[in-house]
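Participant: After the structure tokens below, expect a handful of questions from me.
Any read-out appearing in this document is the output of simple, stated calculations on the displayed coordinates, not a laboratory observation. What you see is a predicted model, and the numbers here were worked out from it, not measured in a lab. Note that each Cβ is placed from the backbone with ideal geometry, even for glycine, and that neighbours are counted across all protein chains shown.
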Ligand SMILES: [Zn+2]
């Protein structure tokens, strides 16, 4: 399972496809990525209250419907603050989707094949993509937080192996935003060279007023 650090880098890569590109140095923007990119895993919280952190994990919060609701909420907040609601809708939607996409990656480790219920609540099947990783690498990247796993939730999270997994994910996923940026820049340059750039939308011009005092 991708850890929170992996989701931050995934969210930054997704944001490269939006109009927020190139603003990673803005602390507020980074906090926004970190929050929205990890929001689906807030489903650990209700389970924590009843003593089983994974009880509700990877259910409705890991669906396209949840992505839509969060994006609409962000758009509503943006509109209330006088910002561009459509822009913030697309940013939040893509960043949230990045979490679902990373959680779909199954590395073959003990907790990796759980997938995500993308079409919840209509279809509860879990979707995942199996990565053909060698076993040592799969184990290095996989953290089993399931209560039935060895050690249970918190011991697994703060274990030596937990630290290895976080470090492994930081190294593995850190290049994602850079790769996304390189792809975007290459596409823009190719588009410029081939003249593919969309023409700017013509501005609406008010019809000319009739001359009040025509000169014959
Ligand atoms: Zn998740």
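Participant: Filter region 70-95 down to residues that are out of contact with any helix residue (DSSP H, G or I) (no Cβ under 7 Å at 6 or more places or on another chain) and in contact (Cβ under 8 Å) with a residue 40 or more places away in the chain and give me whichever is surrounded by the most Cβ atoms within 10 Å (Cβ to Cβ).
Facilitator: The residue in question is 90.
Participant: I've got another one for you. Among the residues of region 112-137, write down those that are more than 20 Å from residue 60 (Cβ to Cβ) and either in contact with a helix residue (DSSP H, G or I) (Cβ under 6 Å, 6 or more places away or on another chain) or surrounded by 11 or more Cβ atoms within 10 Å (Cβ to Cβ) (or both).
Facilitator: Correct list: 112, 130, 131, 133, 137.
Participant: Another question, if that's okay. Quick check: anything in region 74-97 under 25 Å from residue 138 (Cβ atoms) and part of a helix (DSSP H, G or I)?
Facilitator: Yes, there is a match, as at least one residue in region 74-97 is under 25 Å from residue 138 (Cβ atoms) and part of a helix (DSSP H, G or I).
Participant: Could you tell me whether residue 42 is surrounded by fewer than 21 Cβ atoms within 10 Å (Cβ to Cβ), over 20 Å from residue 183 (Cα atoms) and more than 15 Å from the ligand (Cβ to nearest atom)?
Facilitator: No.
Participant: Could you please find all residues in region 48-68 being part of a loop (DSSP other than H, G, I, E, B), within 13 Å of the ligand (Cβ to nearest atom), surrounded by fewer than 20 Cβ atoms within 10 Å (Cβ to Cβ) and in contact (Cβ under 8 Å) with a residue 24 or more places away in the chain?
Facilitator: Passing the criteria: only 59.
The rows are residues; the columns are (1) over 22 Å from residue 35 (Cβ atoms); (2) more than 16 Å from the ligand (Cβ to nearest atom).
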| site | (1), (2) |
| --- | --- |
| 70 | no, no |
| 78 | no, yes |
| 82 | no, yes |
| 85 | no, yes |
| 95 | no, no |
| 100 | no, no |
| 118 | no, no |
| 122 | yes, yes |
| 128 | yes, no |
